[in-house]
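S.K.: So that we are looking at the same thing, I have put the structure below in structure tokens.
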Amino acid sequence: MKIKKFVGGSFKEALETVKKELGSDAIILSSKSVKTGPFGMLNKDAVEVTVALEETDGPVHDSREKASGTDISELLKEIKGLREEVCYLKDTLRPIVPTLRVGKDKKGLFNLLLKQGVDTQFAMILLERSQETLDSLKNSIKGDLKIQGLLPAEENGLIFLGPPGVGKTTTISKVAHMIASKRRPVNLISLDADRIGSIANMKELSQQLRCPFRVVRRVSELPKIIYKEMTKGPMLIDTPGAEFDNILEDIKDIFPSGFPVKKCFLIDSSMNVSSALKSWQSCKTDMIDSIGFTKLDMATHYGSIYNISMLTSRPLSFITTGPGVPNDIRVPTGDFLAGLIIGGI
Ligand SMILES: Nc1nc2c(ncn2[C@@H]2O[C@H](COP(=O)(O)OP(=O)(O)O)[C@@H](O)[C@H]2O)c(=O)[nH]1
Ligand SMILES: [Mg+2]
């Protein structure tokens, strides 16, 4: 490419000269007003137009022209070299910086997932399996979520495990109301004998629902009650938060042929993923049948629901959406949950 400057009395005049000399392929790069005159005396108004023209094999007219042409082609060569280097670097870094795998057309969705707290690796895998639309992404998320619901609670019952304060006692009240609303008798049991508050709560609940309530200190007391009462209705068993691993250990020892009540581990959705996973990993995870997410009303985003569902690979029993008994609990549809995970869309 060569660059050349043309001066004319006006822009139109300069342009005509350009056309005459270089034809209509010349590209106008810039124009400016200048002063010209004979013998270097700058006293006449004029317009200087700078144009570029693709270099042909024809003769080069003057030395200045040759210099600019060389400069540009040098520059282009350098840009080409840099571009090759960037491509090479990208290829080299791809295994180390995997986000480079996300194509330009999916970058927006990728950023959306990260903003919602979805783990980077999970976000990449999701996008590899999705088209570049929000609907397609939502469908991929939906396909990954397993929702079991509260049927096991209605059949034989549930034992609730999880760290202190996650919402076990409150959730038992909600589930007990749900079962009672279907005119089914329910049995309440608490292994949290030392917590006066939680015992008082359960006692009040049993009075409201007119259902039996027992406080037991040890898992070894459970078989007699469970096998005697289970035929009368599902068991809802509350546990102390600090000892869930010991309780699971005891269950394994005392019920060698299997515990007849499903075990549901509660996770506070407003906690960060690493803290939530720390409590999950500190228990005998292989013994857990399902998970429940509490305190969705306190969470600012819901990507962690996807992360934890994938990492625990347990089906979801329910979500709780506030402290209110009995209403703040629901079994979400996959569509609802997927929408929540991508930011309530
Ligand atoms: N905002 C909100 N608070 C909840 C929810 N579930 C339980 N809580 C509150 O969390 C606190 C601890 O609940 P609790 O049932 O005693 O937890 P536990 O120690 O696991 O039995 C109580 O103040 C509950 O009212 C929920 O879904 N949302
Ligand atoms: Mg409790």
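S.K.: Go ahead and estimate [θ] at 222 nm for the chain from helices alone: -39,500 (n - 2.57) per DSSP H run with n ≥ 4, summed, over the residue count, rounded to 500. Each step should come with its number before you reach the end.
M.R.: Working: 13 runs with 151 residues, N = 345.
Counting only the DSSP helices, I get -13500 deg cm²/dmol.
S.K.: Between region 154-187 and region 331-345, how many Å separate their Cα centres?
M.R.: 24 Å
S.K.: Given Cα pairs under 8 Å that are at least 6 residues apart, what percent is the relative contact order of region 151-341?
M.R.: 25 percent
S.K.: At a threshold of 8 angstrom on Cα-Cα distance, excluding pairs fewer than six apart, so keeping six or more, what relative contact order does the chain reach in percent?
M.R.: Details: 548 pairs, mean separation 58.4, N = 345.
Relative contact order, the chain: 17 percent.
S.K.: Still on this structure, please answer the following. Within region 94-144, what whole-number % of the accessible surface is contributed by carbon and sulfur, with the 1.4 Å probe and all protein chains included in the calculation? Don't skip to the answer; put the middle values down first.
M.R.: Values: 1540 of 2960 Å².
Ligands and nucleic acids excluded, carbon and sulfur give 52 percent.
S.K.: Over region 151-341, what percent of the accessible surface lies on carbon and sulfur atoms, probe 1.4 Å?
M.R.: Working: 4160 of 8400 Å².
The value for region 151-341 is 50 percent carbon and sulfur by accessible area.
S.K.: Okay, next question. Points 7 angstrom from Cα along the Cβ direction at LYS32 and PHE11: gap in nanometres?
M.R.: If labels sit at LYS32 and PHE11, their model points lie 1.6 nm apart.
S.K.: Among ASN201, GLY241, ILE342, flag the residue with its Cα farthest along the positive direction of the charge dipole of the chain, charges on Cβ as +1 for Lys/Arg and -1 for Asp/Glu.
M.R.: ASN201
S.K.: Moving on. With Cβ to Cβ distances under 13 Å as the rule, what net charge do the other residues near ALA180 carry (K, R +1; D, E -1)?
M.R.: Taking every other residue near ALA180 into account, the sum is +4.
S.K.: On full extension of the chain, what length is gained from GLU78 through MET287, given 0.36 nm per residue of separation minus the C-alpha to C-alpha distance? Please report the intermediate quantities before stating the final value.
M.R.: Numbers: separation 209, 0.36 × 209 = 75.24 nm, distance 6.26 nm.
So the extension gain works out to 69.0 nm.
S.K.: Now, a different point. Which angle between 0 and 90 degrees, to the nearest 10, do you get for helix 196-209 versus the longest principal axis of the chain when only C-alpha atoms count?
M.R.: Roughly 70 degrees between the two axes.
S.K.: For LEU114 and SER257, what is the calculated FRET efficiency with R₀ set at 56 Å and r taken between the beta-carbons, to the nearest 0.05? Please report the intermediate quantities before stating the final value.
M.R.: Numbers: r = 46 Å, r/R0 = 0.82.
According to the calculation, E is roughly 0.75.
S.K.: Averaged per residue, what accessible area in Å² does region 139-252 show with a 1.4 Å probe, protein chains only?
M.R.: Details: 5390 Å² over 114 residues.
Accessible area per residue: 47 Å².
S.K.: Given 25 °C and 0.890 mPa s, how large is the Stokes-Einstein diffusion coefficient of the chain in µm²/s, with Rh as the Kirkwood radius over Cα pairs?
M.R.: Here the translational diffusion coefficient equals 95 µm²/s.
The values are calculated or read from the model by the stated rules, or taken from the named source; none is laboratory data. In this text, all values refer to a predicted model and were calculated from it rather than measured experimentally. So basically every Cβ, Gly included, is an ideal-geometry build from the backbone, and we count neighbours across all protein chains shown. Side chains are part of the model used for accessible areas, which takes the heavy atoms of the whole protein and leaves out ligands, DNA and RNA. Shrake-Rupley method; radii C 1.70, N 1.55, O 1.52, S 1.80 Å.
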